[in-house]
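What follows is a set of notes on a single structure, which appears directly below.
Where a number appears in this text, it was derived from the coordinates with a stated rule and is not lab data. Just so it is clear, the model here is predicted, and its values are computed rather than measured. Cβ atoms come from the backbone with ideal geometry, glycine included; neighbour counts cover every protein chain shown.
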Amino acid sequence: MSALPPTVDDSPIWDIWLSQFRLPIINVNCEVGTFAALSDGVLTTDELAQKLALDARALAMHLAALCSMGLVEKRLGKWRATHLARTWLHPEGTGYWGSFCARIDSNQSLTGRLLASLKTGRRADEIEDADNTAPRPAEWERGTMQKRLKASPVSCMPTVRPRHWARRRKACSAR
């Protein structure tokens, strides 16, 4: 047998790559109480931010990420935890995995930045790592990324899948 050419659907490969970012987001939201609060009732982003003493703008970004993972859903402008989150990520649930997930999260730099950003509303590039590394620049956001950096992420990926992301965004948009 030999290697095969890329298939049309490379979702499993993207899921593997994205898992490094999903775990810190899940852990931060377990820590601040997002899943418990959204299991108890439906809340708007602002209501949830006020209840948990978080920055509403940063929380909105976290909720969008959690929605793409199927852990929360938005209906008529209000968020609620899905059965998946209520079963496995509610701290009072018998199937709670939050403690285990926190122990296996080796990306403490990202987790710390996400938590600080969620609590303060400051951009992640303004927050120093615990090991005093310099803040990350946001050139990609301004559209001024250096050519070598711009080419680097794409050069190692065999395909780019805009349809996959459009489908995820659509599922998490307001209805």
| said: Name the residue from Ser117, Ala36, Cys101 whose Cα lies farthest towards the positive end of the charge dipole of region 13-134, charges +1 on Cβ of Lys and Arg and -1 on Cβ of Asp and Glu. | reply: Ala36
| query | How large is ³J(HN,Hα), in whole Hz, for each residue of region 90-102 in order, when computed from phi with the Karplus curve 6.51 cos²θ - 1.76 cosθ + 1.60 and θ = phi - 60°, using x for Gly and Pro? | reply | 7, x, 9, x, 5, x, 4, 10, x, 5, 5, 4, 5
| field | Estimated vicinal HN-Hα couplings, Hz - region 37-51 in sequence order (Karplus 6.51, -1.76, 1.60; Gly, Pro = x) | value | 5, 7, 7, 7, x, 8, 9, 6, 4, 5, 4, 5, 4, 5, 4
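Quick one: length gained pulling Arg22 to Arg75 fully straight, 0.36 nm per residue minus the C-alpha distance?
16.8 nm
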| message | Once R0 is set to 35 Å, what does the formula 1/(1 + (r/R0)^6) return for the Cβ-Cβ distance between Ser11 and Gln50, expressed as a FRET efficiency to the nearest 0.05? | response | 0.45
| query | For the peptides 16-29, 91-104, what is the packing order when you average, over each peptide's residues, the other Cβ atoms within 10 Å and list the highest mean first? | reply | 16-29, 91-104
| field | Length added when fully stretched, Thr120-His83, from 0.36 nm per residue minus Cα-Cα | value | 10.4 nm
